[in-house]
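Please treat every number below as a calculation from the coordinates, not as lab data. Here the structure is a predicted model, which means the values were calculated and not measured. Reconstructed Cβ throughout: ideal geometry from the backbone, glycine too, with neighbour counts over all protein chains shown.
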Amino acid sequence: MRIAYLEDEVELAETVGGWLRNAGYQVESFKSGADCARAVENQRFDVCLLDWMVPDLSGAEVMARLKIKLKHAMPPVVFATGRDSEEDVVGILTAGADDYLIKPLSRPLLLARLQAVTRRWQGGPNASSTQHFGRLVVDYSRRQITLDGQLVVLTDRETDLALYLFQNVGRALSRELLIQVVWSLTPDIDTRTVDVHISALRRKLALSPEFGWRLVSIYRHGYRLERDTA
Amino acid sequence: MRTELMRVLLLLVTISIVVTASGLLYRIDNLVYDLGQRLNWRPAPTDVLIVAIDQSNLERLGRWPWPRYRHARLLRNICASKPAAVGINIAFSEASDDSSADDLLAEAIAECGNVVLPLVIESTQTGGQLLETPPIPSLAFAAAGLGRIGIHLDEDGIARSVDLREGIGIAAWPLLAEDMLRVARRLPKKYGNTPTVNDTPDLGHRLVRETRRRFEYIGPPGSFPRLSYSEVLDGKVSPIVLAGKIVLVGVTAVGMGDALPTPVSALADPMPGVELQANVLLSMLEQRLITPLPLLASLLLAAILASAPMLWLPRMMALPGLLISLTWLVMVGIFSAILPIVSQYWFPPSGALVAGMLAFPLWSWRRLELARRHLDQELRQLRSILPESQASDEGINEIQTLGFEERIVCVQEAQRTMQNLETQRNEALAFISHDLRAPLAGAVRQLESEPNCQPERLLPSLRRALAMAQAFLWLARAEALDRRQMKELELVSILHQAADDLYSLASQRRLKLLRHLPDETVWIKGDFESLERSAFNLLHNALSYAPEETVVLLGLDPPRAGEIRFWVENDGPRLVAEQIEKLFQRFSRGDRADANSSGTGLGLYFVRKVAVRHGGTAGVTCSDGKIRFWVRLPSGEEPVTKDSSLSRLSRRIKALSIAELRRVSGAGGSEKK
């Protein structure tokens, strides 16, 4: 799998490049945003890992340029940034990044995020299959979820939301996206509804670290369901 | 400033011109004029005499009217002394019963040859038609001249001016005074060449007046030398007294005839007509009749005087400006009061005075307005660069509604905020230079002294430095929190998230982390990151200090009385009050902390700061061997959205889904308890 890696700090680029190569990625490092954008436009990359602050074109500008040039053929983008304020993070995600990482980078987190965004891009789990997550078993074809073998009683919307979350474990999902997917038939839905349903799922499906789950709010932007296997 | 000046100047000039042109404030003009006249007492003249019919004469010679032969005798006595001219201020408009007396008088007049008789222009008793009433023909024929004795009364009923020519249809008649001077051959050329008949067309029965002039008073009633009628009649007066003089004969007795109020006498002490005539005569004789300035000249002068204050007002502070403006008013008043005395021209000063009076308030108003604008601008700038303190919740637009003093208070507040920021900056510098530098310097020293140093020995101090920098960053953000920019948040999920984050620490320390959180969502207005960080800090504290194998609780009390309170509870010794106070201070670590703990000393300070920035507070309570740190926040009420049908619909859907959720969770939602 080819990854375009934009980072102007040489030492950091070497370290992270090493992690990625060890994990089986083909890494192409760029020190300049313009070079990176040109390369991604002309060659096929499976994922981009962009630093925000680079001397010429910033990561955000690279992404904006790629979006215009490549449109739907654009590879998923993960940002690595030292800017961790809500404004910045939500800004990146709204601009179309698939996920973000706050520097200093941690190797497992980086690999998990990259895996999550690339997995989705190669297609989710088979829609007719069943998935086992420890105590939870998710049956996509029958639209049922069992906890310790007990069927969990969920409303239709909660089921939709839960199935979508389990299909996109590790991926940042914006409220708007969740509303589009789950409440596509209901116009003018209050974004609070999403939170109410998430809160219900957290409780009913016991999505807490005790059971290997973390249901993370990304500020007020959206949610990410993470498998916490450590 | 320059345009302001021009604006005020224009306004002042306009005011002065309008007031001057309209004569609106003639009372002020007259006041100034009268004041000038009162200041202008002069010694009694030597060549004008009044032969007065006073009270004592009436008592001696019997009641008025007197027989005309008596007047004839008087005239003969006077003329015997060769006066320059004699004017009689007694109207002989009807023939007396005794025609021989009329003849006697006519003879006496003719013999004198220099007697001027009065003509009265009066309205008839019925109908108000005007009539010129000369003396009876025999007398008029004998007289050397005929002159009007009319005096013009101003709007306020005071006699200040005369019309040099007046008449019905044609302004034909000169004044008695003028004719007397002509007879005496002492009429100044200036007045002498006034044409007696002019070209103006006959205006029918209207009264025509020409060449109005003000005249001067030499003093209050009684200023002219007087001779008693009876004494002259009896020949008791030496001929030298009358020789060559201009003599006026008339009634001065109080309550008789034609006394009028004058600028120099109060209303209670009117001046007899004969003395008025004497004053007019003297003014003419001395060429001191006062001409009002032509309109254009008055307007120009008024405009110049009105704009004068703008010469100094822009250059002066308020008090000197006020004092000089007041002085200026007095000066303009004195100038226009003295002008007629010095140059025989009258300038009505009311326009200039009003403008002078308004100059200071107008200019001060514009100045204040400028100051206010500047203040507002400064305030806006300050507000835009300062993180908003919760003390001033008003938006920037609402500056308009503030009073002047409130604005000053606002600026002072901003100033204080600036000072606070300065203090914070200094604290930050102190923090960086000491707390942050120390662990980093330690690590560097270790690396330098032992090249093959174990990473494990370096890591703690580096981690500590990193944690400090991070905590400091968060704190800086918390200090910049602005309540107006906070948005709706779900508090329960934030607390869950904080607990999730610390699960691994809890399991490391073999502590049980329990959540007493409600199943429902709880909404407040707040800042996501800082609230999550607050909960994290409280939990981290509890997990760091709680004895092993105990329970740490994270709880959220249901909203009550507009307040929401979340708390973290762990086992621990009771804290005393001063310890508690110290806990929430900046860079302080509890006494329980050991030297190499990762605590930054900013955790609880941060928690309190965030709570305060959200309009709440943070605190700690101890009971039964438990320590509970809590954060109290104002509960976010259901936001009142605009009542469109769409939002109503969305609310209904939400209500439905919540109800649905409750119904379902009611069956199996008790696993937590």
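Convex hull volume per residue, computed on the Cα atoms of region B:465-566, equals 109 Å³. Relative to the longest principal Cα axis of chain B, at what angle does helix B:26-38 sit, 0 to 90 degrees, rounded to 10? Tilt of helix B:26-38: around 60 degrees.
Checking the cross-link pairs B:LYS487/B:LYS512; A:LYS67/B:LYS609; A:LYS69/B:LYS487; B:LYS82/B:LYS189; B:LYS512/B:LYS609; A:LYS103/B:LYS609 against a 31 Å limit on the alpha carbon distance flags B:LYS487/B:LYS512; A:LYS67/B:LYS609; A:LYS69/B:LYS487 as lying beyond it. On a 0 to 90° scale, report how tilted helix B:273-285 is relative to the longest principal axis of chain B, with both axes built from alpha carbons and the result rounded to the nearest 10. The two axes meet at around 90 degrees. Near A:PHE133, the amide H atoms lying under 5 Å from its own belong to A:VAL138; only residues 5 or more places off or on other chains count, and H is placed 1.01 Å from N. In summary, the convex hull built on the alpha carbon positions of chain A has an orientation-averaged projected area of 13.1 nm². Applying 1/(1 + (r/R0)^6) with r as the Cβ-Cβ distance of B:GLU405 and B:GLU563 and R0 = 41 angstrom yields a FRET efficiency of 0.75. Taking Cβ separations below 4.7 Å as the criterion for a possible disulfide partner, the isolated cysteines in chain B are B:CYS410, B:CYS453, B:CYS622. Shown is the FRET efficiency for A:GLU9 and A:HIS72, computed with R0 = 25 Å from the Cβ-Cβ distance and rounded to the nearest 0.05: 0.20.
Axis of helix B:68-80 versus longest Cα principal axis of chain B: the two differ by about 90°, to the nearest ten degrees. Scoring B:278-289, B:169-180 by mean Cβ neighbours within 10 Å over their residues and listing the highest first yields B:169-180, B:278-289. Across region B:226-376, the volume of the C-alpha convex hull divided among the residues equals 170 Å³ per residue. Here the protein assembly as shown is treated as a sphere whose radius is the Kirkwood value from Cα pairs; by Stokes-Einstein at 10 °C and 1.306 mPa s it diffuses with a coefficient of 41 µm²/s. Counting only Cα atoms, the size of chain B along its three principal axes is 150, 67, 49 Å, in decreasing order. Between B:SER96 and B:ILE580, the modelled labels are 11.9 nm apart [label points 7 Å from Cα along Cα→Cβ].
Considering the options B:ALA441, B:TYR191, B:TYR229, tell which one lies farthest towards the positive end of the dipole of chain B, charges being +1 on Lys and Arg and -1 on Asp and Glu at the Cβ, about the Cα centre. Farthest towards the positive end: B:ALA441. Inverting the pair-averaged 1/r between distinct Cα atoms of region B:44-289 gives 18.2 Å as its Kirkwood hydrodynamic radius.
Please give the average number of partner chain Cβ atoms lying within 10 Å of the Cβ of each residue in A:185-194, rounded to a whole number.
Across the residues of A:185-194, the mean count of other-chain Cβ atoms within 10 Å is 5.
Averaging the Cα positions of each part gives two centres, and for region B:396-464 and region A:30-84 these lie 34 Å apart. Take the alpha carbon atoms of region B:18-88, find their center, do the same for region B:234-263, and report the distance between the two centers in whole angstrom. Taking the Cα centre of region B:234-263 as reference, the centre of region B:18-88 is 7 Å away. Listed peptides B:350-360, B:129-139, A:58-68 appear in the order B:350-360, A:58-68, B:129-139 once ranked by packing, highest mean of other Cβ atoms within 10 Å at the front.
Close amide H pairs (under 5 Å, H built 1.01 Å from N) link B:ILE168 with B:VAL208, residues at least 5 positions away or on another chain. Geometric descriptor of region B:67-178, per residue, is 126 Å³ (volume of the convex hull of the Cα atoms). Beyond 24 Å, the tail of the calculated P(r) for region A:130-227 holds 15 percent of the Cα pairs. The region of chain B that goes longest without hitting one of the chymotrypsin sites (Phe, Trp or Tyr not before Pro) in a DSSP loop, each with at most 16 other Cβ atoms within 10 Å, is B:42-586. This model, with +1 at the C-beta of Lys and Arg and -1 at the C-beta of Asp and Glu, gives region B:487-637 a dipole about its Cα centre of some 440 debye.
The DSSP beta bridges internal to the protein assembly as shown are antiparallel in roughly 60% of cases.
Taking amide H as placed 1.01 Å from N in the peptide plane, the amide H of B:THR262 sits under 5 Å from that of B:ALA159, B:MET271, each at least 5 places away or on another chain.
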